[in-house]
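Here is the structure we will look at, set down as structure tokens.
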Amino acid sequence: MLMAPDQVVRVDELSRHFGDKIAVDRVSFDIARSEVFGFLGPNGAGKTTTIKMLTTLLPSTSGRATVLGHDLKTEGRKIRAQIGVVQQQDSFDQGLNVETSMDLYGLIWNVPKAERRRRIDELIGHFEMQEFRKMPTVDLSAGQRRRLQVAREFIHDMDLLFLDEPTVGLDPIVRRSVLDYLKERVRQGLTIFFTTHILEEAEYLCNRIAVINQGRIVQIDTPENLKRRFGSAKAVEFKLLQGTSSEMASALSSSASVSRFGRDEGSGAYRVTTTRPESVIPEIYRLADRLNLTVSSIYISETTLEDAFINLVTEDEKAVANGGRAS
């Protein structure tokens, strides 16, 4: 299987079965050098299984793949020498402190001592880990452990990094800092395979996104194209002068014109997803008047990647139920 000069990964009809269960069903895609390739899907869609196959942790049932020019089935050792992997579960010795854990990891990768020290200091600064660099890993919070796990991977050199939900447990400020660091490393030549359930960060980071559902890839495109093609619903966001209203929330949640309803705890804005904003906006004002509430701001926001993702997966599941697949 020949690869184009700028291709880092090429996957052709790759599958993985567990007995009668098909976890990954004939997926095909390619990843270009210095690309952030998003791999999004519901729980159980096949994301982690695909990562385990491409990182040689799990053999495929059928199909072929080439990673960094090496055949997945016959050159696993060469692939492992050139990649980094951050899995969902913790993977470090909890008897060590943060600094020692990072140092040991660099030693395993044969990074010289002086270089290990330089990189550890640099990464502790980038990932804002100064206050807990001497703490035992067993005493870290979930977010601190996640920061350590991601930061540690950058102690060694690699051409391709697999990140399986790397920002779980991080607060918004730290999450953005981590994403910005990843962007900088991509500008320097790193390629990233990225999974997440936080659609905003996929939109912020990824060049292209593959949506996988029930083991099969539904679509591959840029975030903007996915939003344009599949984000048919609009979002009406509004705020109340009174802050919140359970009566308003209950009425809109049950409205026939509303497909989803929620509230952003950070901004305090209500968010109504609908295909008929021209009907929903007057309804909001009528409800506010009846409930003696004041709408302090209201606007129609652009379609989000989350809207497009939900539409894509929903359409695909309907198509499967009807005996086909979404196109």
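We did not get these values from a lab; they are worked out from the coordinates using the rules stated. Since the structure is predicted, the reported quantities are computational estimates derived from the model, not experimental observations. Quick reminder, even Gly has a Cβ in these numbers, built from the backbone with ideal geometry, and neighbours come from all protein chains shown.
Summing charges over neighbours of residue 14, with a neighbour being any other residue whose Cβ is under 15 Å away from its Cβ, gives +3 when K and R count +1 and D and E count -1. From the alpha carbon centroid of region 210-267 to that of region 20-79 is 31 Å. With semi-axes defined as the square roots of five times the eigenvalues of the C-alpha gyration tensor, the equivalent ellipsoid of region 233-302 measures 16, 14, 11 Å, largest first. The angle between the Cα long axis of helix 98-108 and the longest principal axis of the Cα atoms of the chain comes to about 50 degrees, rounded to the nearest 10. The residue 257 and residue 320 beta-carbon pair, evaluated with R₀ = 35 Å, returns a calculated FRET efficiency of approximately 0.80. Between residue 279 and residue 241, the distance separating the two model label sites (each 7 Å from Cα on the Cα→Cβ line) works out to 3.0 nm.
Pull out a ≥ b ≥ c, the square roots of the eigenvalues of the alpha-carbon gyration tensor of the chain, then state rounded if a/c is under 1.5, prolate if not and a/b is larger than b/c, and oblate in the remaining case. The shape class here is oblate.
Given springs between every Cα pair under 10 Å in a Gaussian network model of the chain, which of 143, 231, 38 has the largest fluctuation? Among 143, 231, 38, the largest GNM mean-square fluctuation belongs to 143. Stretching residue 207 away from residue 64 to a fully extended chain increases their span by 49.1 nm, per 0.36 nm per residue minus the current alpha-carbon distance. Here the label points at residue 187 and residue 113, each 7 Å from Cα along the C-beta direction, are separated by 3.5 nm in the simple model.
In order along region 39-55, the phi-based Karplus estimate (6.51 cos²θ - 1.76 cosθ + 1.60, θ = phi - 60°) of 3J(HN,Hα) comes to 10, 10, x, x, 4, x, 6, x, 5, 5, 4, 5, 4, 5, 5, 5, 9 Hz; Gly and Pro are listed as x. Beta-bridge orientation, the chain: approximately 70 percent antiparallel, per DSSP, counting only bridges with both partners inside.
Using a simple spin-label model with pseudo-atoms 7 Å out from Cα toward Cβ, residue 250 and residue 138 lie 5.0 nm apart. Stretching residue 171 away from residue 96 to a fully extended chain increases their span by 24.6 nm, per 0.36 nm per residue minus the current alpha-carbon distance.
3J(HN,Hα) along region 212-217, derived from phi through the Karplus expression 6.51 cos²θ - 1.76 cosθ + 1.60 where θ = phi - 60°, amounts to 10, 9, 6, x, 10, 6 Hz, with x in place of Gly and Pro.
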